[in-house]
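Throughout, read-outs are computed from the coordinates displayed, never taken from laboratory work. In this text, all values refer to a predicted model and were calculated from it rather than measured experimentally. With ideal geometry, Cβ positions are generated from the backbone for all residues, glycine too; neighbour counts draw on all protein chains shown.
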């Protein structure tokens, strides 16, 4: 991870380009005539988010800011490396015991079938 990007509103407003477009879908004449869809591009990373679910441009812009902040935080989250472990001796024994019992059950079922 080479660089971290701030996710506060002022930084996002400074680092993002916003485009408005006519969103499709339900919403009637207002939605079909007005550019209520919002497409936001984070210039430093190239991440793009869109918001079109509301009939209001303002509400879609707010949703886009929230999504951009969430995507940046997710991208910057440090993943802890997994430490490989081995099953304990007791758990191996339990597993083998359960497998033995299951096999016994199946074998008993086979033996109790009536002869044809």
**Complete:** Expressed in nanometres to one decimal, the distance between label points 7 Å along Cα→Cβ at residue 58 and residue 73 is 2.5
**Request:** Please label the shape of segment 9-76 as rounded, prolate or oblate, based on the square roots a ≥ b ≥ c of the eigenvalues of the alpha-carbon gyration tensor (a/c under 1.5 means rounded; beyond that, a/b larger than b/c means prolate, else oblate).
**Result:** prolate
**Request:** Measure nothing but the geometry: give the 0 to 90° angle between the long axis through the Cα atoms of 57-76 and the longest principal axis through the Cα atoms of the chain, rounded to 10°.
**Result:** 50
**Degrees separating the helix 89-111 axis from the principal Cα axis of the chain, which is the longest one** = 60
**Prompt:** Among 83, 47, 22, which one shows the biggest mean-square fluctuation in a GNM of the chain, springs joining Cα atoms closer than 10 Å?
**Reply:** 83
**Asked** Rounded to whole Å and sorted largest first, what semi-axes of the equivalent ellipsoid does the C-alpha gyration tensor of the chain yield via the square root of 5 times each eigenvalue?
**Response** 57, 27, 9
